[in-house]
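Structure first, commentary second.
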Amino acid sequence: QRLYLDRLEQMLSVDRMVGEVIDAAGPNTLITFTGDNGHFHGEHRLSNKLSPQEESVQVPLYIRSPKGITRQIADLTANIDLAPTILEYAGRPWANPAFKIDGRSLRHFVEGATGPNWRKSLLLEYHRPRGVSEPDRSGTDWRFGLPDYLGLRQRGLGGGVPLNTVYVQYYADVNDLTTIVDYEYYHLDVDPFQTDNLANGRIIELDQILRDFYGASGAQCRDQDMRFVPPAA
């Protein structure tokens, strides 16, 4: 509780600083405000961050444009979308292969325009630090106590029914995708706190998208993020 209150108190100065920056920038400046991973404060009996639960995955993203409108977006967006958004506002062709962009521009969202079909899948991943001399640093560095994982966050329609899901595979080492040690699968609209794990093992339909996504880069990512195959059960 003390740690949580300390963090809230820190936000008072951050809020004041952000306000000063926005005031100084003026109304004709594109402003993007976001954050690092979310922090656990006991949710799922966890602390710190970097796990694939929503409290850690979701972070604030606020974009203000001179031509923008005020609205909240529920579509899947990510930090990989920041670079193409800035490039587009700067008049650069963000989809040019030379930029090696994995994400998509958010400009049409910001300005309320009708944009292209948006992504249905988003890749989550974590690789714990390796290459250190100590055989086990889990007692001194909490990151070494987290397993590697790949996750697939999806929003779309399955049989005409909206689906909002996350599927996670945990590995002994993500460099060997055959070493799966655990699975998680949640329907977030009916289970927003991720308390009912529906995974009894590998979900083949989602597994294939996840693996193809992990091996993609650049424009390939924009092909993979449009894939959406609801699981059979």
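Which aspartates and glutamates does Lys49 reach when only Cα atoms under 14 Å apart count, and residues fewer than 8 places away in its own chain are ignored? By straight Cα distance, Lys49 reaches Asp36, Glu125, Asp141, Asp148. For the chain, the fraction of 1.4 Å probe accessible surface lying on carbon and sulfur atoms is 52 percent.
In the chain, taking the dipole from charged Cβ atoms about the Cα centre, the farthest positive-side position among Ser65, Asn200, Leu210 is held by Ser65.
The calculated FRET efficiency for the pair Gln58 and Thr29, based on their C-beta separation and a Förster distance of 25 Å, comes to about 0.45.
Using only the heavy atoms of the protein chains and a 1.4 Å probe, how would Leu150, Leu5 rank by accessible area, largest first?
Numbers: Leu150 0, Leu5 85 Å².
Reading off the accessible areas and sorting them downward yields Leu5, Leu150.
Between Asp191, Asp212, Asp23, which gets the highest mean-square fluctuation from a Gaussian network model of the chain, Cα cutoff 10 Å? Ranking Asp191, Asp212, Asp23 by mean-square fluctuation puts Asp23 first.
Any idea of the accessible area per residue across the chain, 1.4 Å probe, to the nearest Å²?
I get 60 Å² per residue for this part.
Where (i) 14.1; (ii) 11.8; (iii) 15.8 are the candidate values, the label of the one calculated here for mean projected area of the Cα convex hull in nm² is (iii). Mean residue ellipticity, 222 nm, helices only, the chain: the sum of -39500 (n - 2.57) across DSSP H runs of n ≥ 4, divided by residue count and rounded to 500, is -7000 deg cm²/dmol. Give the shape of the stretch 53-191 as rounded, prolate or oblate, defined through the alpha-carbon gyration tensor: a ≥ b ≥ c are the square roots of its eigenvalues, a/c under 1.5 means rounded, and otherwise the shape is prolate if a/b is larger than b/c and oblate if not. The shape class here is prolate.
Magnitude of the charge dipole for the chain, about its Cα centre and with charges confined to Cβ atoms of Lys, Arg (+1) and Asp, Glu (-1), is about 660 debye. Between the stretch 172-208 and the stretch 1-53, how far is it from one alpha carbon centroid to the other, in angstrom? Taking the Cα centre of the stretch 1-53 as reference, the centre of the stretch 172-208 is 29 Å away. Count neighbours as other Cβ atoms within 10 Å of each site's Cβ, and list the chymotrypsin sites (Phe, Trp or Tyr not before Pro) in the stretch 141-209 that are DSSP loop with at most 14 such neighbours. Passing both the DSSP loop test and the Cβ count: Phe193.
Computed extension gain for Glu43 through Phe144, at 0.36 nm per residue and net of the alpha carbon distance, reaches 34.4 nm.
The values are calculated or read from the model by the stated rules, or taken from the named source; none is laboratory data. Predicted model, so just to flag it, every value in this text is computed and none were measured. A quick note on method: Cβ atoms are made from the backbone with ideal geometry, for glycine too, and the neighbour counts reach across all protein chains shown. Just so you know, the surface numbers come from the protein's heavy atoms only, side chains and all, with ligands and any DNA or RNA stripped out. Shrake-Rupley method; radii C 1.70, N 1.55, O 1.52, S 1.80 Å.
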